[in-house]
1. If you average 1/r over all unlike Cα pairs in the range A:182-305 and invert the result, what Kirkwood radius do you get in angstrom?
2. Once Lys and Arg get +1 and Asp and Glu get -1 on their Cβ, which of A:VAL157, A:PRO103, A:ALA303 lies farthest toward the positive end of the dipole of chain A?
3. Could you size up the charge dipole of chain B around its Cα centre, putting +1 on the beta carbon of Lys and Arg and -1 on that of Asp and Glu, and report it in debye to the nearest 20?
4. Can you list the distances in nanometres, one decimal and ascending, from the B:GLU243 label point to the identical position in each other copy, with the point 7 Å along Cα to Cβ?
5. Can you tell which of A:ALA190, A:LEU268, A:TYR252 lies farthest toward the positive end of the dipole of the range A:182-305, using +1 and -1 charges on the Cβ of basic and acidic side chains (Lys, Arg; Asp, Glu)?
6. Dipole magnitude of the range B:182-305 about its Cα centre, charges +1 at Lys/Arg Cβ and -1 at Asp/Glu Cβ only, in debye to the nearest 20?
7. Roughly what % of DSSP beta bridges within chain B run antiparallel, to the nearest 5?
8. Mean separation of Cα pairs under 8 Å and 6+ residues apart, divided by the residue count of chain A: what relative contact order is that in percent?
Number of protein chains: 2
Amino acid sequence: MPTHPPGRAALIALDWGTSSLRAYLLDQDGQTLETRRLPWGIMHLPQAVPHEPAARGFELAFEQACGDWLRAAPDLPVIACGMVGSAQGWREAAYLEVPTELPRIATRLTLVERPGATPVHIVPGLIQRHGLANVIRGEETQVYGVLAQQPDLADDVLIGLPGTHSKWVAVRRGRVTHFDTFMTGEVYAALRSHTILGRTMAADAPSDPAAFARGLRVAGSPAGRAGVLSTIFSARALGLAGELAPAAQPDYLSGLLIGHEIAALAELLRHSGGQPRIVLCGDAELCQRYDAALRHYGLDAPALARHATERGLYHLARDAGLVAAAPAQPAKEPS
Amino acid sequence: MPTHPPGRAALIALDWGTSSLRAYLLDQDGQTLETRRLPWGIMHLPQAVPHEPAARGFELAFEQACGDWLRAAPDLPVIACGMVGSAQGWREAAYLEVPTELPRIATRLTLVERPGATPVHIVPGLIQRHGLANVIRGEETQVYGVLAQQPDLADDVLIGLPGTHSKWVAVRRGRVTHFDTFMTGEVYAALRSHTILGRTMAADAPSDPAAFARGLRVAGSPAGRAGVLSTIFSARALGLAGELAPAAQPDYLSGLLIGHEIAALAELLRHSGGQPRIVLCGDAELCQRYDAALRHYGLDAPALARHATERGLYHLARDAGLVAAAPAQPAKEPS
């Protein structure tokens, strides 16, 4: 909560993923002064020219995202999270191994030096080497943001971050102990656009909650035992049998996939013996689908977290000493 | 087995699927006299012209497949199976509902009349309305072919037909009682070509049996409980962790997917209480992968069936009265 009226920029925070770049101008208390969304994900940089250093595309995107903010205030610190720190990013940032104490994340920022200009601090990803290898880039920042806003959760919580890849991050006693990845969103898109399932689907079907709920039920029914590689074919077969309209097939498939994801999650929780609180974080419409799926599988209705990325970037920058903590310093405005 | 030397054409048999068309010229005993493979699957017909009747593309493909055979012997009967009988096919053929007696399939051929020319008989597909709806087109003919060659199996057998979609067809006491579909092959192709998993994979990796076996093991390990939507991400994560080379990732992913398919199949068999014999039927290299997967999950090593489609088309044509049964008729050759 602000301790003084917003107005003075104190931080530039970048959420830089595969397909888009979000830029936030924040004040000393983490209040958002301005937000921009650009299409320059790391796989879609502006004016990328073959044989030019890859860094050139990042510089161009960076200039469009916040060049004017930096000209107005050249000393503003810059922090960034997401795929910008991957091997295909601007600079490969470290992975922290889990289990890890949450505060360690703020101590391992990777610096992109920019000669004669403001450097960029990139947040580390997380890597899990126990069990089956797994990685995260970007979601660690959302987890940081959720827990900065609700520190009491850090004792035992499972944070779900649905999206292209949904991540489920377990935090216990302030440590990230484990996480799982489900490629649900990307698999949905690939099935719809690049398999026979798309052929019988209506292209621009409106949302169909009943079809979604039916998919959820099938995933959890005895027929669901055949697994998702099998049940997805029912989107087509039910259509051919005259039991599922083309306009209902997209949300039916969505319900199947999310249903299988949550069924597996419930099974993992059962085996681990844990009953953590659950928090969802992400796009509101998608979180609603996950909320319905969690309830269907008997898991507690989750709390919803908002603005986790900007909150996480702000708190990481503050904990790393890039932004002085509030209260505001004595006024330095020109008289 | 032939009762007379091959030579006299008695049947044209077409295996007409989504992506290709195979044409067989068979003699009265079902011996193959000639085989042709054309790229004219029903989604890739030759010279398809907008606003022309769709049937025109089928006629063109048909002419290329067997026009000369028919000019040499205009009375040859023609039988076809596969997606040519689907709603997007030449003529929509019936679906038979399962459970169904096998011999019924030969009684329900759909006729494509061709004015002034030889008609085409299309084999019905199968539809399953109990449990979750499911359909088959083409595999019913392979099942027919397998059981025509090994009739003793028809008492209790599970026939696996791996491919773009693998089908598992249960036959008991001469009746098709149930079948399952797994979209394993098509999902593999979509994941490899249209998701982030393809980005870290070597494009032309040679076969890697160890990587395949590793995928099988992971699918059946405690980590496999997270389900296929989750374990597939390990193809990438293990790569990023330096634990899986780009050239090993394609076969690792193949092992994961086939492993999850067979794990689910084993679970379904466990729940049904059955222990049928298992027969595999399809591409030899793919059947080898499924053989390894079945053994890994403790299922009996399967017998392999070959030439099931041509055998099935031949026996269906014979049982439908399109081809007289051997022994050969008295010689009619010109003296």
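The numbers here are math on the coordinates, done by the rules we state, and not lab data. Just so you know, these numbers come straight off a predicted model, no measurement behind them. Ideal geometry is used to build each Cβ from the backbone, glycine not excepted, and the neighbour counts take in all protein chains shown.
1. Result for the range A:182-305 stands at 14.8 Å.
2. A:VAL157
3. Once rounded to the nearest 20, the dipole reads 500 debye.
4. 4.1
5. Most positive-ward Cα: A:LEU268.
6. 340
7. Expressed as a percentage, antiparallel bridges in chain B total about 65.
8. In percent, rounded to a whole number, it is 17.
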